Amino acid sequence: MKNLFVKLVSVAMIACMGMAIASCGGSKKSGMTIEDGKLIMATNAAFPPYEYYDGDRIVGIDAEIAQAVADRLGLTLEIQDIAFDSIIAGIQAGKYDIGAAGMTVTEDRLQSVNFSSTYATGIQSIIIPEGSEITDIDTLCDGDYIVGVQSGTTGDIYMADELGESRIDRYQTGNDAVLALISGKVDAVVIDDQPAQAFVAANEGLTILETPFAVEDYAMAINKDNEELLAAVNQALDELRADGTIDEIINRYIPAEG
Ligand code: ARG
């Protein structure tokens, strides 16, 4: 676990550096996105409260922050719901302008895409059935338990590292992993804390364990060749941070505890 902690802390440091460097930029409106006048966002919309369906509309923290960024840049936001593990490849291939999906900044992903400044944070959590023998991350790791994860997420990467491939079951969405937990196919699900709370609230008989995992930074992924869009998005995020819009959006979806 100690290794993991060090890894995560260094990722957080890189994210902070990114914030310091990306301070210039403007709000040029045309030519910097795939389709003129449009900001095409890729997400995976089974990750409440960051992105999920309200009827046939995708709502959530990422959807609203991306909408606010698009508004600042004078662009129309178009959201595409795809597999989480296809988002980075799609951005590299020039199919989407941004990836906004509660996506953690990691050193590995930084090899493939740029990340905007951080606009939210998350922590990995363990969801177990009530009454489970698993009491903490160590019992989970030491036993022969099978862990359900969403394919390609940091939960997947960390758990595969810790437990080995044979003890990981990968699912297309976090919700599918939780359904596998409910039907007894897996013994635990490792996923970000806010979706974990939403899944536990929506399903009977599940509970969450605290873990020693460090905090992860969420940011928007952008094609490495598109420095102009990166600067413009960072400028918009700076403004939305300064005028309280980002806090307002996050606090509406994640009411303060207490
Ligand atoms: N924060 C985790 C990661 O970046 C999980 C994100 C999953 N997001 C989603 N929209 N399904 O790997």
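What follows draws every value from the coordinates through simple rules; no lab data is involved. Remember, it's a predicted structure, so these values are computed and weren't measured experimentally. No Cβ is skipped: glycine too gets one built from the backbone with ideal geometry, and neighbour counts run over all protein chains shown.
The dipole here belongs to the chain: it is taken about the Cα centre, uses +1 on the Cβ of Lys and Arg and -1 on the Cβ of Asp and Glu, and is about 680 debye. Per-residue Cβ neighbour counts within 10 Å put S116, S183 in the sequence S183, S116, beginning with the fewest.
Taking a span of 27 Å or more along the helix axis (Cα atoms) and a mean Kyte-Doolittle hydropathy of at least 1.0 as the rule, the DSSP H helices of the chain that qualify are 2-21. Each part gets one Cα centre, and for the stretch 118-166 versus the stretch 220-241 those centres are 32 Å apart.
Cβ crowding within 10 Å, taken as a proxy for footprinting-reagent exposure, orders I87, I182 from fewest neighbours to most as I182, I87. Of the residues F47, I61, S86, the one whose Cα sits farthest toward the positive end of the charge dipole of the stretch 33-91, with +1 on the Cβ of Lys and Arg and -1 on the Cβ of Asp and Glu, is I61.
Would you calculate, for the chain, the mean residue ellipticity at 222 nm contributed by helices, counting each DSSP H stretch of 4 or more residues as -39,500 (n - 2.57) and dividing by all residues, to the nearest 500?
Numbers: 10 runs with 103 residues, N = 258.
The per-residue figure over the chain is -12000 deg cm²/dmol.
In loop segments of the stretch 144-204 as defined by DSSP, the GluC sites (Glu not before Pro) with at most 16 further C-beta atoms inside 10 Å of their C-beta are E204.
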